[in-house]
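Visitor: Please see the structure below; I have some questions.
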Amino acid sequence: MNRVKEIEELIKGKNAEDILKTIATLHNERIMFSTSLSYEDQVITHFIFTHDLNISVFTLDTGRLFPETYSVLSSTLNRYKKPIHVFSPATAKVEELMTKKGPFSFYDSVENRKECCFIRKVEPLKRALQGKTIWITGIRAEHSEGRNDMPIVEWDESNQIIKIHPLLNWSMEDVKKVIKQFNIPYNPLHDKGFISIGCQPCTRAIKEGENFRAGRWWWEDNSKKECGLHG
């Protein structure tokens, strides 16, 4: 897409903070940033809110998050005094799933787990992005092997939107440095071995030497374990 190439040229050589500043000045663009309240997303939220950028911030409340995740949401709202729009799954779909399959169907099969992820995450995401033109994420290449060749700017065919990953080439050390430098609120579970934090029943701390995402859906053998938000 020509627009993808245009944006690539605009942000070429810029650091993450300046990428966000540049994107926020684009005319006729409706820009959203999705935060899971992770280390990375807290850094981006800090940049957006402290510079008062024209970028809407939203999060997905699956209804199964850790108490610590809700606490960091509260701390972030108190710190920046800016809105974070919350999107929740459709009540009827959750009720139907729980009635037919119970509260832990995702442990039974990959298909069941993906069904739960779709209801609680993918569908609300699609609602959040509806009518928007640019989606900013906190994805880093280190998150999984499949993201090593990912471009900073890309076209998301599924959601018909341009995706931008300002922190794509950051290391975990880079992220932690900014968190510490600006005393940004972060999830205390990160200090307990929880690296990638999702829904409580589907997330555990990782052991030394384990892959970054080993704590997500750990009971599955499939090496490509994604929820569907990013393909």
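Every read-out reported here was derived from the displayed coordinates using simple, explicitly stated rules and does not represent laboratory data. Given the structure is predicted, the values throughout are model-derived calculations rather than measurements. In this analysis, Cβ positions are derived from the backbone assuming ideal geometry, glycine residues included, and neighbour counts consider all displayed protein chains.
Visitor: Give the long-range amide H neighbours of LEU65: residues separated by 5 or more places, or on another chain, with amide H under 5 Å away, using H modelled in the peptide plane at 1.01 Å from N.
Guide: Residues meeting the amide H criterion: GLN200.
Visitor: What relative contact order, as a whole-number percentage, does the chain give when Cα pairs under 8 Å and 6 or more residues apart are counted? If you can, show how the numbers build up before the last one.
Guide: Numbers: 325 pairs, mean separation 55.0, N = 231.
Answer for the chain is 24 percent.
Visitor: Compute from the Cα atoms of the range 2-188 the Rg and the Dmax, the latter being the longest Cα-Cα distance, and quote both in angstrom.
Guide: Rg, Dmax (Cα atoms, Å): 17.2, 52.
Visitor: Measure out, as a whole number of angstrom, how far apart the alpha-carbon centroids of the range 142-207 and the range 27-65 sit.
Guide: If you average the Cα positions of each part, the centres end up 13 Å apart.
Visitor: Using the Cα centre of the chain as the reference point, and only Cβ charges (+1 on K/R, -1 on D/E), how large is the resulting charge dipole? Debye, rounded to the nearest 20. Let's see the in-between values first.
Guide: Values: 33 positive and 31 negative charges, 102 e Å.
Magnitude of the dipole: close to 500 debye.
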